[in-house]
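Heads up: the structure comes next, in structure tokens.
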Amino acid sequence: MQQGLRFLLVGWLAAAGVACTAAPDGQADSGGQAKLPIAPGSASAETRQSGDRGQRPSDFSDVKKSTLTLKVYDREQNKIGQGSGFYIGSGRVVTNAHVVRGGAFVEMYNDNGHRVGSAPYALHVDPQADLAILPAPDLPVPALEAASRQPRSGEAIWTVGSPLGFADSLSNGIVSAIRTIKGRQYLQITAPISPGSSGGPVVTAAGEVLGVVVAQIKKAQNINFAIPYGQVRTALATGLKRQPFPPKQVDAAQSDWLRSLLTRMLLGDPVNIGGRYRKRLKSGSDTRVGAASYFKLDIPRNRPVRITVASRAFDPAIMLVSKASLDRGEPWITNDDNSGPGDTAQLVGTVPNEGVHFLMIRAADGRGGDYGLEVTPLGQGRRADGDDRWRYLDKSADLKVYIDPSSATVDNGHIFVWLKFAHEMLQRTKGKRYDTTISRQEIDCRTRRYRLRALLLRRKGRNIGSSQYSAYESQWKDAFPDTIGDAFISFVCDR
């Protein structure tokens, strides 16, 4: 349970990242030092030479076209890092596990800076080997070929990547040694690399891949490391399957602190749905959270609730964690800061798990003082009798709009809710005629914006088409006053 909580809290509490050559967003010149205890090794035997030593290829255009800049984003669509990767064909891109660590999706850019693909998950992740393989169907770039021989000490090599964000960068050097480090084989190379180079290819004079750039020792001169491509072959041979990106790492000190936080949650005071409470928040010395108090709340499945915290003494924020999902090691968590009016934090919706939830109230500005806590029921969930679930919301000249209040759920501070648009006249799109549109909207109450996440078209009660939109495919829209968008945001956020 503690392990699951640790993974999910790191993003919310800004935990430390990895110490390799992926560039954290906004800190492209501050990449960490790779701490690799060097063990003596020996050069691997050569089976076939693919290029003369020291010979420079006449054209790196295909290598550059195959090398991608990877930009990593979290669930809030904040850019959290950047690295490199390269296309190997069959809809697969190779990079490092630490490049995509903590991400929700990855965007891929070619050597001209054009976005050519994105990946919301991985096909293979091995944090120990520091390798990741991402899906990239129909990627409009050439595939790199792997060398059919082992690298040899002293041969000339080239790296391509996006050091410090400078895409399409080429550097050269030699394989200075082939070493065993903590039981794994690495290529020690002299080609210069920087934060952002991680995941890029190491190629021969013929443009064939020998390895994957992974780390550097910054206090030394040109002591850099790459993963031999043979480990990529091993990963491909073991089979690929959809899996999430690895979570952010947590250091030992933070791990101890998170265990302490979980203990405080378990010992929290009980509160009930329908209750109103006057509480006082004491200033605390915990710099990660600031002043905080903890409660336990029992919420039935599919029971919509609104949790509101208001104070004149400090700026409140709420975090809600499900115990049931913690027990499974896959915590469900949501938090909010200032989505309510004034200095008010508010969570609205239906939680996905029944039973005990942990509620943390904290002072976003670090101060303490009196506050009010209210847990309000919003209904008993969906009705079983067809369209009785829909509540009339608004209308325009040619349609009526309905909302399903019981469908509201909360995820990471955003509210998801279903809307129904009943059209007065038949509509047409892509050859399909329909009279009803049902859509799932994601709402950010703090900014009063929304975006489409799912769409269902119906005609005379029959489904004729549907689409789903991921967070990186759908654009946020502003809710202008006196529009339908303003009406459903007001209904959800201002109740």
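The values are calculated or read from the model by the stated rules, or taken from the named source; none is laboratory data. If you're wondering where the values come from, they're calculated on a predicted model, not measured in any experiment. Glycine gets a Cβ as well: all are built from the backbone with ideal geometry, and neighbour counts include every protein chain shown.
Quick notes on this one:
- Exclusive hit being at negative phi, modelled with pLDDT under 85 and of a type outside the set (S, T, N, Q), set Asp444, Asp394: Asp394
- Residues within region 157-182 that are assigned to a strand (DSSP E or B), among the hydrophobic types (A, V, I, L, M, F, W, C) and in contact (Cβ under 8 Å) with a residue 24 or more places away in the chain, tallied: 8
- Restricting the search to strands (runs of 3 or more DSSP E) fully inside region 243-301 and requiring at least 2 residues that are modelled with pLDDT under 85, among the aliphatic types (A, V, I, L, M) and buried (at least 16 other Cβ atoms within 10 Å of the Cβ) gives 292-299.
- Test for Pro142: is it in contact (Cβ under 8 Å) with a residue 40 or more places away in the chain, surrounded by fewer than 16 Cβ atoms within 10 Å (Cβ to Cβ), touching an Asp or Glu at 6+ places or on another chain (Cβ under 6 Å) and more than 16 Å from Ala215 (Cβ to Cβ): yes
- One residue stands out in region 167-180 among those that are farther than 14 Å from Leu210 by Cα and modelled with pLDDT of 85 or more: the one that is nearest to the chain's Cα centre (by Cα), namely Ala167.
- Annotation note: Cβ proximity below 6 Å between a residue of region 468-495 that is over 11 Å from Leu393 (Cα atoms) and a residue that is at pLDDT 85 or above and among the hydroxyl-bearing types (Ser, Thr, Tyr) (sequence gap 6+ or interchain) occurs for Tyr472/Ser118; Lys477/Tyr450.
- From Ala206, Ala220, residue being among the aliphatic types (A, V, I, L, M), in a loop (DSSP other than H, G, I, E, B), over 30 Å from Arg312 (Cα atoms) and at pLDDT 85 or above: Ala206
- Within the set Gly461, Gly431, the sole residue that is closer than 21 Å to Ser407 by Cα, surrounded by fewer than 17 Cβ atoms within 10 Å (Cβ to Cβ), among the small types (Gly, Ala, Ser) and out of contact with any Lys or Arg (no Cβ under 7 Å at 6 or more places or on another chain) turns out to be Gly461.
- In region 110-139, the residues that are aromatic (Phe, Trp, Tyr) and either in contact with a Leu (Cβ under 6 Å, 6 or more places away or on another chain) or closer than 21 Å to Ala215 by Cα (or both): none
- The set of residues from region 86-116 being among the acidic types (Asp, Glu) and in contact with an Asp or Glu (Cβ under 6 Å, 6 or more places away or on another chain) comprises just one member, Asp111.
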